[in-house]
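J.: Submitted below is the structure of interest, expressed as structure tokens.
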Amino acid sequence: LMRLFRILKLARYSSAMKRFHLALNIAREELVLFLCVTLILIFVAAVGIHHFESEAQPKTFGSVFHCLWWAISALTSVGYGDVFRITVGG
């Protein structure tokens, strides 16, 4: 554990790490806005899929939390294929 902290201390002397930190500080507002919009989009997708699919597939889309799993896997990747929608609204 102490070796890990010693390695992390060396990062402050690296010019690349300083540039990376500066870039993150410059783009902080945009990153926060992107994360907020993404979270809202995932939540709206989960509530929407729950509204349309809960009657057709009560086991798969039974709660909003189950639908959050679907929304995260569908919006951040191509989906796992374990949960899919069958209704027109879905």
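J.: Just to be sure I understand: with springs between alpha-carbon atoms less than 10 Å apart, which residue in S63, S73, S15 has the highest mean-square fluctuation in the Gaussian network model of the chain?
T.: For the chain, modelled as a Gaussian network with Cα springs under 10 Å, the answer is S15.
J.: Probe of 1.4 angstrom, ligands and nucleic acids ignored: what's the accessible area per residue over the chain, in square angstrom?
T.: Working: 7580 Å² over 90 residues.
Per-residue accessible area for the chain comes out at 84 Å².
J.: Of T38, T76, T60, which is the most mobile in a GNM of the chain whose springs link Cα atoms less than 10 angstrom apart?
T.: Sorting by GNM fluctuation, first place goes to T76.
J.: Sticking with this structure for a sec: Pick out, from Q57, S73, F34, the residue whose Cα sits farthest towards the positive end of the charge dipole of the chain, with +1 on the Cβ of Lys and Arg and -1 on the Cβ of Asp and Glu.
T.: It is F34, whose Cα lies furthest towards the positive end.
J.: Accessible surface of L22 in the full protein assembly, 1.4 angstrom probe, to the nearest 10 Å²?
T.: Rounded to the nearest 10, the figure is 100 Å².
J.: I've got another one for you. Going through segment 5-90, which trypsin sites (Lys or Arg not before Pro) have at most 15 other Cβ atoms within 10 Å and a DSSP loop state?
T.: Values: sites: R6, K9, R12, K18, R19, R28, K59, R85; in loops: K59, R85.
Of the trypsin sites (Lys or Arg not before Pro), the ones in loops of segment 5-90 whose Cβ has at most 15 other Cβ atoms within 10 Å are K59.
J.: Let me ask another. Please compute the contact order of the chain in relative form: average sequence separation of alpha-carbon pairs under 8 Å and at least six residues apart, divided by the residue count, as a percent. Intermediate results must be reported in sequence, preceding the final value.
T.: Numbers: 50 pairs, mean separation 20.7, N = 90.
So the answer I get is 23 percent.
J.: Once you mark the chymotrypsin sites (Phe, Trp or Tyr not before Pro) that are in a DSSP loop and have at most 16 other Cβ atoms within 10 Å, what is the longest gap between them in the chain?
T.: Numbers: sites that count: Y80, F84.
Result, exposed sites excluded: 1-79.
The values are calculated or read from the model by the stated rules, or taken from the named source; none is laboratory data. Since this is a predicted model, take the numbers as computed values, not measurements. Glycine gets a Cβ as well: all are built from the backbone with ideal geometry, and neighbour counts include every protein chain shown. Note: accessible area is taken over every heavy atom of the protein model, side chains too, but ligands, DNA and RNA are not part of it. Shrake-Rupley method; radii C 1.70, N 1.55, O 1.52, S 1.80 Å.
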